[in-house]
Amino acid sequence: MRSTPIAWLFCALALAFCADAGASAARTFVSTAGSDSNTGTNCAPLTPCRSFGAALGVTASGGEVVVLDSGGYGPPFTITQDVTITAPAGVYAAINVPVTAQAGVEINGTGIHVTLRGLTFEGAGGADAIRFDGGAALTVERCSMHAFAESGIYINSMQSHVTVLDSTIEVSNGTDGISLEQGADLTVRGSTITGAFRAGIYALSLGASLRVSDSLISGNATGIAKLGPGAITVSNSRIEGSRTSGVSATGALTFITVTGSEISGNGDGFTVAPALIGEGLLSIKNSLLSGNSNGINGSVGALTSTLLIDVSDSVLADSNVAVLLSAVGTGVMHAAFARTSLTGNAVGASLAGGGGTADMTLAGCVITNNTTGLQTVATSGAFKGFLTLGNNTFVGNGTDVNGTITSLGPR
Amino acid sequence: MRPTLTQLLLLALALPLCAAAGASAPRTFVSTGGSDSNTGANCAPTAPCRSFAAALSVTASGGEVVVLDSGGYGPPGTITQSVTITAPEGVYAGISVPAMSTAGVIVDGVSILVTLRGLTFESQGGADAIRINNSSGLNNNVSALVVERCFIHGFPESGIYVNSLQSGVSVYDSTIDATGTSSNGIDGITLVSGGGGVGVYRSVITGASRAGIYAAVIQAPVEVTDSLLSGNATAIATTDAGKVTVSGSRIHGPSVTAGSGINLGGTIATTAVNISGTVISDYAAGVLVAPNATIKLAIKGSTFSSNGYGINTGSGSSFAAIDLDVSDSVIADSTIANVALGASGSTLATSAVFARSSLTGSPIGASLGGGSGSALAFSGCLIANNGTGLQTAITFGASQGFLSLGNNIFVGNGTDVSGTLTRSMPR
């Protein structure tokens, strides 16, 4: 359609607006006093829009949507471009997610990078707070998510990087806090994840790296569940009150490193069972495992699989079995404990073999106030049992060692 | 010449404006409802200006520009005097930097202090968010930049670019995200000149295609505290920095096959490096000492997990010297080796001590290459579940190999020690 002279005249008069209307603005604004008809002026600071969806529609790629004052800015919307949505500290910006919506924010665009800052997601029956189905990177900062049927954050974008900072995910018996279906890595810092009936962090993605620091993962069925290969690094965090397990790793090749953390009041503190022909490595240092049914529950199965554990400078206390290890079939299990206390448990460490190779070595450890300090169960095959490198202290146990403990001599 | 009555009358009428224009105010204000014609009233709270640039023009040296409400306020441009720009918490103040600008803020005075607080910088083609320049050319120009509660996003060159001989930058509670729409930015923070160095506290730097912090300045200290450096090609790269301190921080790479958590280079100055309470994961090397560097590296209470190498000084050549002490740390699950010291065929001299630390779950726990006088001593360490616990490569000169000071635990390794392990007398 040709423009009429009147249209041109109008445009000339309103040049600033017209230029913008074609292109959209790098920065747009929403306010409870705004109106979505202000998209014509690109949701400028003095003519803000009312909803995120409207503002996004006139925000340039790589631009930003800014919240001016506290309020609700739904309904749910989809992001297909690079964008940052910011509610500054002190401004509350909520998105309600009704039962008709899959997610509060759906993110899906090739190679895009999205940052969400300062938003509150309320699940009014909706499945997910944030759903990341396509894109390169997602950062969630200072966000709060509450009561979702499925996940706080659902990630299904191959090779993507997701960062969650200073946020709270409280799913109120939804499936997962964060569900990593596909993605390269997930970094969680300074955040709280609670109330999931499957897992606080559920990682199915093969090879994905999980990094959790300075965070609280509490009251989930499982704190962190990793099903495929990849690394889990936990530092300065608390994982507590998980009915099933604090950290569960059942993939073919899993590396778990835990430092300076507290893993308390869980079913298992750690459940590590490498898949068939798989390998699991668990390193724990400077950490406290207390009040779990089993502190560390490690098993290698009927076909060749390997589990390698090292624990140093840590305390495993007040559990049914602090260290419960089992190697059957052709499984291989090596566990090394240095300068670590096994204290106040029914059983400090139980090592079972049924054909597999299994040993647990202790050096400089304190095994105290357990009903049974160390016990071996039903051994056969290349089972070496307990080995000591010296400097261990056994005291106050009902039985110090039930089974064999072999001294290797110091090296 | 005596003024005429008319002249006097005009002057009296215009007095407030004249006084303002002449003197400027210690505190000025901007608002989205303001107007830059209010410079005549010195951008007072009830007559605020619309842009940072206008407000700065009537702000006294050492004064402050305050943002009243959320909005975009344009690039302040070149700042030649000490000043603070503040958006209080709860107020968003955006600065879009267009392609024709090198930077949103250019700090370019003589020994000035500029503080930027609560600002969001977005690139609309502009190269850097903030620069420090020294167009005065003075050797004794010591300017300082403080960046606090700022968000810096999408700049193709650097979030903060320092090119001023003696100047430095401190960054608090801020985020520098180099991720761009088409390609990522080069560095989060770049120092090409700036003896004042860089300090980063409680901040996030992410997405840089070269380095989160790139400091190529002799004797320019680098300090990173309680920060997250994630998804940068290399997190921290220094050349002859003199002093590098990393504490309480989390450093995560995009890939275990490329880049370094901390890359220490240089050929001139000895660099003292302290790493404490820090986690480094998912890099080709957690810490990489570049060829020919002279480094004193102390690591305590830190975790290196799932890197190619945890600590790699193996790329060394003729004149490097490494002093390394590691205590109370975990180096685990490296895909190649937890610790690799000294390249075979080099004369690199390494003196390393590991105390109360774990080297676990890697094909190689620690390997020690050649080098006159090289020695690696262990005390109270756990060397477990590696393919080979300790391995000496071809040694040249009087390498002393591995020393044990006692209380070490070798267990679950395919081979505990390949080479010689000498037992030193306990002391």
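Values quoted throughout were computed directly from the atomic coordinates according to the rules given, and no laboratory measurement underlies them. This structure is a prediction, so every number in the text was calculated from the model and none was measured. Cβ coordinates were reconstructed from backbone atoms using ideal geometry, including for glycine residues, and neighbour counts include every protein chain displayed.
Structural remarks
- If you wrap the Cα atoms of region B:169-290 in a convex hull and average its projected area over all directions, you get 6.5 nm².
- Using the Cβ-Cβ distance between A:Ala149 and A:Ser70 with R0 set to 25 Å, the FRET efficiency from 1/(1 + (r/R0)^6) comes to roughly 0.40.
- Backbone N within region A:109-134 under 18 Å of label point (7 Å from A:Ser172 Cα along the Cβ vector): A:119-130
- Its Cα gyration tensor gives region A:276-411 an equivalent ellipsoid; the semi-axes, largest first and in whole Å, are 22, 15, 14.
- Gyration tensor (alpha-carbon) shape descriptor, region B:114-232, a/c threshold 1.5: prolate
- Calculated FRET efficiency, A:Asn108 to B:Ser183, Cβ-Cβ distance, R0 = 22 Å: about 0.55 to the nearest 0.05.
- The alpha carbon centroids of region A:93-124 and region A:274-309 are separated by 37 Å.
- Amide H partners (placed H, <5 Å) of B:Val204, local residues excluded: B:Ser174, B:Thr175, B:Ile176, B:Leu228
- Its Cα centre serving as origin, region B:61-423 has a Cβ charge dipole (Lys and Arg +1, Asp and Glu -1) of approximately 680 debye.
- Judged by the ratio a/c of the largest to the smallest principal axis of the C-alpha gyration tensor, region B:124-177 counts as oblate, that ratio being 1.5 or greater while a/b is no larger than b/c.
- For A:Arg243, neighbours were defined as the other residues whose beta-carbon sits under 13 Å from its Cβ, and their charges (Lys and Arg +1, Asp and Glu -1) total -1.
- Across peptide A:332-339, the mean count of Cβ atoms from other chains lying within 10 Å of each residue's own Cβ comes to 5.
- Residue-averaged 222 nm ellipticity for the protein assembly as shown, from DSSP H runs of 4+ at -39500 (n - 2.57), nearest 500: -1500 deg cm²/dmol
- Size-normalised alpha-carbon gyration radius of region A:203-349, reference 2.2 N^0.38 Å: 0.93
- In this Cβ point-charge picture (+1 for Lys and Arg, -1 for Asp and Glu), the protein assembly as shown has a dipole of about 940 debye about its Cα centre.
- Using alpha carbons only, the radius of gyration of the protein assembly as shown set against its Kirkwood radius gives Rg/Rh = 1.05.
- Sparse-neighbourhood loop sites, chymotrypsin sites (Phe, Trp or Tyr not before Pro) in region B:69-153 - DSSP loop, at most 13 other Cβ within 10 angstrom: none
- From phi via Karplus (6.51, -1.76, 1.60), per-residue ³J(HN,Hα) for region B:80-94 in Hz, x at Gly/Pro: 10, 10, 5, 6, 10, 10, 10, 9, x, 4, x, 10, 9, 10, x
- Database remark: amide H of B:Ala377 closer than 5 angstrom to the amide H of B:Ala352, B:Val353, B:Phe354, B:Leu403 (H placed geometrically; neighbours at sequence offset of 5 or more, or on other chains; Pro and chain starts carry no H).
- Shape of region B:28-164 from the C-alpha gyration tensor: oblate (a/c of 1.5 or more and a/b not above b/c, with a ≥ b ≥ c the square roots of its eigenvalues).
- Pairs of Lys residues in the protein assembly as shown are counted when their Cα atoms are under 30 angstrom apart and they lie 8 or more places apart or on different chains; the count is 9.
- For B:Tyr161, distant residues with modelled amide H under 5 Å away: B:Ile130, B:Arg131, B:Ile132, B:Thr190
- Percent of Cα pairs exceeding the 16 Å cut-off, where the set is region B:266-308: 45 percent
- Chymotrypsin sites (Phe, Trp or Tyr not before Pro), loop per DSSP, at most 16 other Cβ atoms within 10 Å - longest free stretch of chain A: A:198-411
- Summed over all non-identical Cα pairs, the Kirkwood treatment of region B:61-423 gives a radius of 21.0 Å.
- Note on region A:70-219: Rg/Rh from Cα positions, Kirkwood definition for Rh, rounded to two decimals, is 0.93.
- Environment charge at A:Thr80 (Cβ cut-off 14 Å; Lys +1, Arg +1, Asp -1, Glu -1): -2
- Long-range Cα-Cα pairs in region A:23-154 (distance over 23 Å), rounded percent: 24 percent
- Hz values of 3J(HN,Hα) by residue in region A:389-401 - Karplus curve (6.51, -1.76, 1.60), Gly and Pro given as x: 9, x, 6, 8, 10, 10, 7, x, 8, x, 10, 5, 9
- Semi-axis lengths, Å, region A:153-280, gyration tensor of Cα atoms, sqrt of 5 times eigenvalues: 19, 17, 14
- In terms of overall dimensions, chain A has a Cα radius of gyration and Dmax of 26.8, 99 angstrom.
- Rounded to whole numbers, the Karplus 3J(HN,Hα) couplings from phi for region A:67-83 are 8, 8, 8, 5, x, x, 10, x, x, x, 8, 10, 10, 10, 9, 4, 6 Hz, using 6.51 cos²θ - 1.76 cosθ + 1.60 with θ = phi - 60°, and x at Gly and Pro.
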